[in-house]
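Visitor: So that we are looking at the same thing, I have put the structure below in C-alpha cells.
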Amino acid sequence: MPELTSQKIPVTVLTGYLGAGKTTLLNRILSENHGKKYAVIVNEFGEIGIDNDLIIGADEEVFEMNNGCVCCTVRGDLVRILDGLMKRKGKFDAIIVETTGLADPAPVAQTFFVDEDVQKNARLDAVVTVADAKWLSDRLKDAPEAKNQIAFADVIVLNKTDLVSKAELAEVEARIRAINPYAKLHRTERCQVALSDVLERGAFDLDRILELEPEFLDAGDGHDHHDHDHGHGGLKHYHDEDMQSLSLRSDKPLDATKFMPWLQELVASEGQKILRSKGILSFSDDDDRYVFQGVHMMLEGDHQRAWKDGEARQSRLVFIGRELPEQMIRDGFERCITT
Amino acid sequence: MTAFDPGESASIISVTDQVRPVKIGAPVVAVHFLGDRAAFVGAEESVFLVNGEAEISKVAVHAGGILCAASDGARIVMGGDDGKLVALDAKGEVTLLATDAKRRWIDNVALHPDGAVAWSAGKTAFVRSGKAEDKSFDVPSTVGGLAFAPKGLRLAIAHYNGVTLWFPNMVATADVLEWAGSHLAVTFSPDNKFLVTAMHEPALHGWRLADNRHMRMTGYPGRVRSMSWSAGGKGLATSGADTVIMWPFASKDGPMGKEPAMLAPLQARVSAVACHPKQDILAAGYGDGTILMVRLADGAEILVRRNGTVPVAALAWNTKGTLLAFADEEGDAGLLPL
C-alpha cells in the first residue's frame, strides 16, 4: 500500500497442514535469486537447508490477552522476535513467519493488530496457505486446523496437483472455494509458483475484493465450480458444513458515523464467529478510500488513498467465518448506506 | 521547531545550551556509565564510549543485534542475536562470557552487586556466580525479564502467567508468583519488599513479597518500557503515559490503594525515565524527543532537550549524579553536566 504503510516491514505468514509443502516453498524463497533479503521465523530449525543468519527459531507461544476479549490471543514469541529484529532494520526487506502444520493462524494474524510496537514497525502482508491437492479434502473433514488455514488465506498454493486426477483437482478446488472464495489460488507441483504471486501482495489482495465477481472467478480459474450457487448481483452463497463467506456491496456511499459503530459492535458481539473481515469503503463527504481488515474481534483500518478520477466509488466488504449471522449483517449494513 | 507555545517557553527554565551534543550516528538502545565515560549501546554490533569532552570511541561487541544490556557501573554485560553474552569494562576491553550452544538469541541479562550475572535464552535462565559452575533453570515459557534481588543470590524470572523466584544455590524448589498475562521487565524494590513487572499489556503488576499480596497498577495508554526507582526507593517512575507515572513505595503497603503522582505532562508519551541517584529529581524523555528534568516534590520542570525528533531511547545518570547522558532512537545524543 502507498504512503501510510510504506515504512512498515511486510510480513508474510506461511501456513499449511503437515506435509503440504511449506518447507519446499520456504526453501525456494530463500534460495532463489530475487535480490531481496528475508528474515525468516521458523518452528523447526533443522528443516531449512539454507545458511541465512536471519533465520530465527520460534516456540509458537500463544498468549491470551487480559483485555476482556475472549478470542484475543497473540503469539508472544513473535512479539519478542519482531522487537529484536527491528534492531537490525535495514538488514532485511521483509519477514516470513512459518507456522507449524497444526497451528491456528488467528494468533499470528492477531499479533499484528494487538501489539502497538509490532503495528508501528510491521504490517501483515498476506497469509499464504500451502494445501496438498491429494489430501486436503480429507483433512477438511477431520482437521479443524486445516479448515482454519484455508479460511484465513489471502493466497492459496494448491500443491502436488500432479498427484491427482482432473476430477479430483476440481473437487478439492470446489471445497476450498466453499470455504474461502476470495483467496487467490495457484495450482502448483513442488510449489512452483512465481514468488511475486505469494510475496509482497499488499494492496493487490485487498483490491481483489473489489474486482471479484462470480464471472471473474470462473474466467480466472477456468473450471467448473459445480457446487457453487452463483446468484445474480454478486451475492454468493456457498455450502461448507460450518464455514461460510459473505460479501456485501454498495454503490451508494456509506455514512461513516453509522458504519464505524456498526462494524465495531458487530465484531465485538460476533467476533468469535468471524475469522476474517476485509473491506474497501467509500464514505459520504470523503474523497479518500478507506480500507480495513480484521481478525475475529480486532480491526485495523485507515484512509488508503484518494479515489481516482473515473474510479467507481463502490464499497465492498467480505466476511469469512463460522455460523455467520448473515441476515443480521446484511440488515445492519443496509442501514449504514446513505439515502 | 520548539516544544512549547510562546507563553510556556517563556516560563520554563532551559538548560539546552549547557548540553554537549554527541553524534553517535547509529541507532541507540541504552546508555550506562562506566566510570566517567558514558557508554551508548547501539542497536547492533557496537558500544560508543563517550568522555566528558564528547569524544567518541567505538567498541565492537556483537556480530549482530544487541538485545539486552545491564550495568553495575564497573562493566556492561550484553546479550545479542549472535547467541553471545559479552562484557565491556571501563577500559573498553571486551570479554566473551558465554556462547549459547544452539546459537539462540540472548534475550535478557541481569547483574548482581557481588558480580554474579544472569542471562536467558528461550525458556532457560542461567546464573554464573563466582567460580561455581553455571546453573540453569527452565520456566514454562520464554523468559520475559530477569532481576536479582538486592539481598542474597535470588533471581526473579518473569514469564507468561507470572514470575519464578529462584535461589540458584539452594536445592529448594523455586517459588512462583502467579498472575495471568505476559510479564516482561521485572524489578525488585531497593528494600527487597516488593517485586514489580511491566506486562505486555499496558500495566504493571506487583507483589508484596512478605505475603505475595497483589498490586495492580493500570491505566497506562501504552506499554511500560522504562522503570526507575527514585533515590532510596521511595517511588517507582515509569514511562508509558503522557506524564511520568510515579508509584509510591515508601509505606509498608506500597502503592496499594494509593494514586500515583503524575508529573511533567506533555502532548507526547514518556518513552524513558531515569531517577537521579541521590536527589529527588528525575529525567524524563518523550516520544517527540523532548527531555525534561523534574523535581519530584513539586513537579517543577527544566528543559534539557527540545522536541522535534524521534523518541528518546536512553537516559542515564552517572553514580555521583553530576552527569546526565541521553540519546534518541537514531543516535542523536548528548551529555549534560550539572
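Visitor: Within region B:172-206, what residues put their amide N at less than 20 Å from the label point 7 Å along the Cα-to-Cβ vector of residue A:117?
Guide: Answer for this model: B:180-188, B:196-206.
Visitor: Restricting things to alpha carbons, tell me how big chain B is in terms of Rg and Dmax, in Å.
Guide: Answer for chain B, Rg first and Dmax second: 19.3, 64 Å.
Visitor: Per residue of region A:136-153, in order, report the coupling 6.51 cos²θ - 1.76 cosθ + 1.60 (Karplus, θ = phi - 60°) as ³J(HN,Hα) in whole Hz, putting x for Gly and Pro.
Guide: 4, 4, 5, 5, 5, 7, 10, 10, x, 4, 4, 5, 4, 5, 5, 4, 7, 5
Visitor: If I stretch the segment between residue A:165 and residue A:138 completely, what's the gain in nm (0.36 nm per residue apart, minus their alpha carbon distance), one decimal?
Guide: So the chain would gain 8.2 nm between residue A:165 and residue A:138.
Visitor: For region A:12-26 and region A:115-132, what is the separation of their C-alpha centers, rounded to whole Å?
Guide: 15
Visitor: Sticking with this one: Based on the alpha-carbon gyration tensor of region A:74-124, what equivalent-ellipsoid semi-axes (square roots of 5 times the eigenvalues) come out, in whole Å, largest first?
Guide: 19, 13, 9
Visitor: Projecting each Cα onto the charge dipole of chain B (Lys/Arg +1, Asp/Glu -1 at the beta carbon, about the Cα centre), which of B:129, B:33, B:169 comes out farthest on the positive side?
Guide: B:169
Visitor: What 222 nm value per residue comes from the helices of the protein assembly as shown, counting each DSSP H run with n ≥ 4 as -39,500 (n - 2.57) and dividing by all residues, nearest 500 deg cm²/dmol?
Guide: -5000 deg cm²/dmol
Visitor: Same structure again: Can you list, bin by bin at 5 Å, the percent of alpha carbon pairs in region B:186-278, starting at 0?
Guide: The calculated distribution, bin by bin, is 3, 15, 27, 28, 18, 8, 2, 0.
Visitor: Continuing with this model, one more query. Kindly rank B:88-98, A:311-321 from highest to lowest mean number of other beta carbons found within 10 Å of each residue.
Guide: Those peptides, ordered most packed to least, come out A:311-321, B:88-98.
Visitor: Still on this structure, please answer the following. If the cut-off is 19 Å between C-alpha atoms, which lysines fall inside it for residue B:258, apart from same-chain ones fewer than 8 positions away?
Guide: Correct list for residue B:258: B:193, B:234.
Visitor: Beta carbons within 10 angstrom, averaged per residue: use that to sort the peptides A:252-264, B:59-71, A:13-25, highest first.
Guide: Per-residue mean Cβ counts within 10 Å order the peptides as A:13-25, B:59-71, A:252-264.
Visitor: So for region B:278-338, considering every pair of alpha-carbon atoms, how many percent are separated by more than 16 Å?
Guide: The answer is 41 percent, as a whole percent.
Visitor: Continuing with this model, one more query. Provide a whole-number value for the mean count of partner chain Cβ atoms within 10 Å of the Cβ atoms in peptide A:78-88.
Guide: Partner Cβ neighbours, averaged per residue: 5.
Visitor: Provide the net charge surrounding residue B:204, with neighbours chosen by a C-beta distance below 15 Å and charges set as Lys +1, Arg +1, Asp -1, Glu -1.
Guide: Taking every other residue near residue B:204 into account, the sum is +4.
Visitor: Please give the average number of partner chain Cβ atoms lying within 10 Å of the Cβ of each residue in B:63-70, rounded to a whole number.
Guide: Shielding by partners across B:63-70 averages 3.
Visitor: What do the square roots of 5 times the Cα gyration tensor eigenvalues come to for region A:76-208, in whole Å, largest first, as semi-axes of the equivalent ellipsoid?
Guide: 29, 16, 13
Visitor: If you keep only loop residues by DSSP, which trypsin sites (Lys or Arg not before Pro) in region B:222-310 have at most 12 other Cβ atoms within 10 Å of their Cβ?
Guide: When the trypsin sites (Lys or Arg not before Pro) of region B:222-310 are filtered for loop state and at most 12 Cβ neighbours within 10 Å, B:252 remain.
Visitor: For region B:171-188, what does the Karplus curve 6.51 cos²θ - 1.76 cosθ + 1.60, with θ = phi - 60°, yield as ³J(HN,Hα) per residue in whole Hz, taken in order and with x for Gly and Pro?
Guide: These are the phi-based 3J(HN,Hα) values: 6, 3, 5, 6, 8, 10, 9, 9, 6, 4, x, 9, 9, 10, 4, 9, 8, 8 Hz.
Visitor: If one computes the Cα centroid of region B:206-272 and of region B:278-333, what distance in Å separates the two points?
Guide: One Cα centre to the other: 18 Å.
Visitor: Turning to a different aspect of this structure: Taking Rh as the Kirkwood radius, which is the inverse of the mean 1/r over Cα pairs, what is the Rg/Rh value for region B:229-315?
Guide: 0.97
Visitor: Using only Cα positions of the protein assembly as shown, each an equal point scatterer, no hydration layer, compute I(q)/I(0) via Debye at q = 0.10 Å⁻¹ and quote the log10 values to two decimals.
Guide: Those come out to -1.00, one per q.
Visitor: While we're on this one: With only alpha-carbon atoms counted, please give the Rg and Dmax of region B:49-197, in Å.
Guide: Radius of gyration, then largest Cα-Cα span, for region B:49-197: 15.6, 51 Å.
Visitor: Set Lys and Arg Cβ to +1 and Asp and Glu Cβ to -1, take the dipole of region B:159-308 about its Cα centre, and tell me which of B:243, B:220, B:293 lies farthest positive.
Guide: Toward the positive end, the furthest listed residue is B:293.
Visitor: Tell me, what HN-Hα J-couplings in whole Hz come from the Karplus equation 6.51 cos²θ - 1.76 cosθ + 1.60 at θ = phi - 60° for each residue of region A:83-89, using x for Gly and Pro?
Guide: Each residue's phi maps through the Karplus curve to give 4, x, 5, 5, 5, 10, 3 Hz.
Every number here is computed from the coordinates shown, using simple stated rules; none is lab data. Keep in mind it's a predicted model, so treat the numbers as computed, not measured. Glycine gets a Cβ as well: all are built from the backbone with ideal geometry, and neighbour counts include every protein chain shown.
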